[in-house]
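I have placed the structure first, in the form of structure tokens, so that the comments after it can refer back to it.
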Amino acid sequence: MKTVDNRFKHAYVLNVMADDRPGIVASVTKAISRLEGNIDACSQTVLHGYFTLIMVVSFPRQLDTEDLLREVAGPPDKHSNFRVQLMPFHLPKASKEKYDSFVITAFGPDREGIVLRFSRVLADKGINIVDLFGDRTGEQFVLIGQLQVPKRWDIAMLQADLEQIGRESGYTVRLQHEDVFVATNQLRLPSQHKSLPVT
């Protein structure tokens, strides 16, 4: 797990959800700047017309959380849903488990519970999903996940288990090391700053 290096002592996790439109990132970052804050990390995406942004932001002084929320939210806009959430940032506990980064891709007929089935199997094996993309096109569904796979797992056996689950659901499933996946697909994994998913 990557260690976050916050610029200032007082840090928060800030989450914004809204109807997508130009200028949201500029508006939020302007508010952080007015409060003399720093953006230590961020991830943003648009999904079917909905905007979401998560940031780790830090400030040189303690802020009233309500003031920070009001500053980021700005004046009410009746034409656009805009939601802001805030929580104190705490460094995650370091894990002693060693892992490699892999990417799972699965595609097949859209059916109820497919994300649940794959995610439950991964959770039962102690495999963490750090990035997830899923989309339905017609009657087909594609799922791409970036995983932290503990080194104790036999990858060939893990691949076989996932393929078996896929066969039972009519899905084609592949598990590839992150470096191989990026090199062969030219897709971006946001947490690694490599190239954007092409769908």
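Throughout, read-outs are computed from the coordinates displayed, never taken from laboratory work. Note that the coordinates shown come from a computational prediction; the quantities given were computed from them, not determined experimentally. All Cβ positions, even for glycine, are placed from backbone atoms using ideal geometry, and neighbour counts span all protein chains on display.
Kindly state, as a whole number, the per residue volume in cubic angstrom of the convex hull around the alpha carbon atoms of region 1-107.
Hull volume over Cα atoms, normalised by residue count, gives 126 Å³.
Per residue of the chain, what 222 nm ellipticity follows from adding -39500 (n - 2.57) for every DSSP H run with n ≥ 4, rounded to the nearest 500? Don't skip to the answer; put the middle values down first.
Working: 5 runs with 54 residues, N = 199.
Theoretical 222 nm ellipticity from helices: -8000 deg cm²/dmol.
With angles folded into 0 to 90 degrees, how steeply does helix 24-34 sit against the dominant principal axis of the chain? Use alpha carbons for both and round to 10.
The angle comes out near 50 degrees.
How big is the Rg/Rh ratio for the chain, C-alpha atoms only, Rh by Kirkwood, two decimals?
Over the Cα atoms of the chain, Rg/Rh equals 1.02.
Let me test this: with uniform point scatterers at the alpha carbons of region 10-61, what is the Debye-based log₁₀ I(q)/I(0) at q = 0.15, 0.25 1/Å?
So the normalised log intensities are -0.40, -0.95.
Pairs Lys96/Lys151; Lys9/Lys30; Lys30/Lys93: which exceed 23 Å Cα-Cα?
Distance filter (> 23 Å) returns Lys30/Lys93.
With each pseudo-label sitting 7 Å past Cα toward Cβ, what's the Leu35-Arg174 distance in nm, one decimal?
4.4 nm
In degrees, nearest 10, range 0 to 90: what is the angle between the Cα axis of helix 114-124 and the longest Cα principal axis of the chain?
Between helix and principal axis, roughly 90 degrees.
Relative to the present Cα-Cα distance, how much length would full extension add between Gln159 and Gln44 at 0.36 nm per residue of separation?
Stretched fully, the Gln159-Gln44 segment lengthens by 38.4 nm.
In region 26-82, what trypsin sites (Lys or Arg not before Pro) fall in a loop by DSSP, with at most 10 other Cβ atoms inside 10 Å?
Those that pass, being in a loop and sparsely packed, are Arg61, Lys78.
When N is the residue count of region 138-179, what does its C-alpha Rg come to as a fraction of 2.2 N^0.38 Å?
In units of the 2.2 N^0.38 Å rule of thumb, it is 1.28.
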